[in-house]
1. Using only the Cα atoms of the chain, what do you get for the radius of gyration and for Dmax, in Å?
2. Just check the range 204-360 against the gyration tensor rule for me: Cα atoms, a ≥ b ≥ c as the square roots of the eigenvalues, rounded for a/c under 1.5, and otherwise prolate or oblate depending on whether a/b exceeds b/c.
3. Note down the net charge around residue 205, summing +1 for each Lys or Arg and -1 for each Asp or Glu among other residues with Cβ under 10 Å from its Cβ.
4. Grab the Cα-Cα distance for residue 242 and residue 278, subtract it from 0.36 nm times how many residues apart they are, and report the gain in nm with one decimal.
5. Cα to Cα, under 16 Å, and not fewer than 8 places away if on the same chain: which aspartates and glutamates meet these conditions relative to residue 127?
6. Let's see if you can work this out: charge +1 on each Lys and Arg Cβ, -1 on each Asp and Glu Cβ, no other charges. What is the dipole magnitude of the chain about its Cα centre, in debye to the nearest 20?
7. Within the range 90-162, which trypsin sites (Lys or Arg not before Pro) sit in a loop by DSSP and count at most 14 neighbouring Cβ atoms inside 10 Å?
8. Given the C-alpha centroids of the range 20-68 and the range 246-282, what is the distance between them in whole angstrom?
Amino acid sequence: MSEINRAAGGIAPAGKALSPEEIRLHYYNTPTEELVRMGGECCRSVHGPDVLLRGLLEYTNYCSSNCLYCGIRHDNSNVQRYRIDEDMLLEAARAGFDRGLRTFVIQGGEDSEYPVDRICRLIERIKEMTRGEAAVTLSCGMRSLDQYRSLKRAGGDRYLLRFETSDPELHRYLRNGSSLEKRLEALEYIREAGFQTGSGFMLGLPGESDETRLNNILLAQQLRLDMVGIGPFIPHPETPLAEASQEDIEMSIRGVALLRLALPEAHIPATTAAGSLVPDGRERMISAGANVLMPNLTPVTFKKDYELYPGKICLDESGIQCISCLSLRVKPLERELSFRRGDAVRLAGSADSPVPGGVR
Ligand code: 5AD
Ligand code: SF4
Ligand code: FES
C-alpha cells in the first residue's frame, strides 16, 4: 500500500469515489504510474472492458465568441468558415449508424445561423432515421433555460458544456469577459432541462496553477457530472495565445486518473486533443481510466477547417475508417470497442441495452 493510500485510510473499495481530501493527497503525492494503475482499475471495476463510441459531427465552425485559446474564434479571419446542411449531416450520421454507432454528438461554434429551431429539426431527423435507437448529444454552447428545454423536447439526450477552467479570473480572461459563474449557471440549466450533463476543462493553460488543476477535478466532482472531457491545451498560432508554452501530456493523463477516482461512474473520453499532442495520447488516457472514444464523422472536406488547435489527427480519414483504427488501438490495452448507447450509469437499464445487429 502506498503512503498516500495509507494516509487516506486504506485503498478505497472498487468503484467508490475518493473524497476531495484523498484526491488532494494523491494529486500532490502519488507518482503517475501508480495513479494510472488506480484509475485504470477503478474504470474496469465500474465499466468493464468496454470503450464506448460516440460519432462526432462538427456541424458549423462559425462562432460569435472569441475565446483566446480557440483556433476558430470569431476574430481569426484565416478560417475557411463552413456550415453543413441537414441532409449532409444526416447522411454522415446514417453511415455511422449503419456501422453500429448509437450516439451522435452535434458540436459547433456559437452560430446564430443555426438557431435552436434548426438544431431541434436536426435532432428529430436523426431520431427518425435511427428509429429512436441512437442517443443525441449536443455541444452547441451557452443557451437560455428555455432553449435547453426546447432541445430536450426535440429529443436531445445529453449536453456538453466544458467549464474550461475553474479559476474565475483566468476564466474571464480566456473567455473574453464571460464569467465562470454564468458558465456554471448554464450547466445548472442543462441539468434542469433534463439532459445527461457533461462538462470538462483544458490542462496547461497559461496562468493556470497546480491549485487550479486540482480545483478543476474537485469542481467536476462537485457538479456530479455524467460525462467529463478533458485535454491538453495546445496553442494555436492564429490566436492571442500563439506564444504560450505547450505543457506535457502527463498532466492530462494524471487528470484523467484523478477524475476517474473522483467520479467512478462518469463517462470520460480519451480525447482527440490528447491523441493530437502525442501519438499514444488516447491510449494513455484509456489506461488511466477513460472509457469513451469519439470517431469524427464530419465529412472529410470540412474536417481540416474545424481546427481548434493545430496538429489535429484523423483529418484525412473518415470516421468509419477511424473505427477500425480505434479497434486495433484498444486491443493491446485489453479493452474492446462497444456499440452500446452508453447512457449515464445512474440511468442504467433505461434504454441502454446492447444493440442487436450492431456491427463490431
Ligand atoms: N487546445 C485544446 N483544446 C481546445 N479547445 C478549444 N481550443 C483548444 C486548444 N487550443 C477545447 C475547449 C472546447 C472544446 C470544444 O475544445 O475545451 O470546449
Ligand atoms: Fe467558439 Fe467554442 Fe471556440 Fe469559444 S471554444 S471560440 S465558444 S468554438
Ligand atoms: Fe482516426 Fe486512427 S483514429 S485514423
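1. 19.1, 57
2. In terms of gyration-tensor shape, oblate.
3. -3
4. Length gained between residue 242 and residue 278: 11.1 nm.
5. Filter leaves 86, 87, 91, 98, 117, 157, 343, 352.
6. Value, rounded to 20: 960 debye.
7. Passing both the DSSP loop test and the Cβ count: 131.
8. 5 Å
Here, each number is a calculation from the coordinates, and none is a lab measurement. Please read these numbers as outputs of a predicted model, since none were measured by experiment. Reconstructed Cβ throughout: ideal geometry from the backbone, glycine too, with neighbour counts over all protein chains shown.
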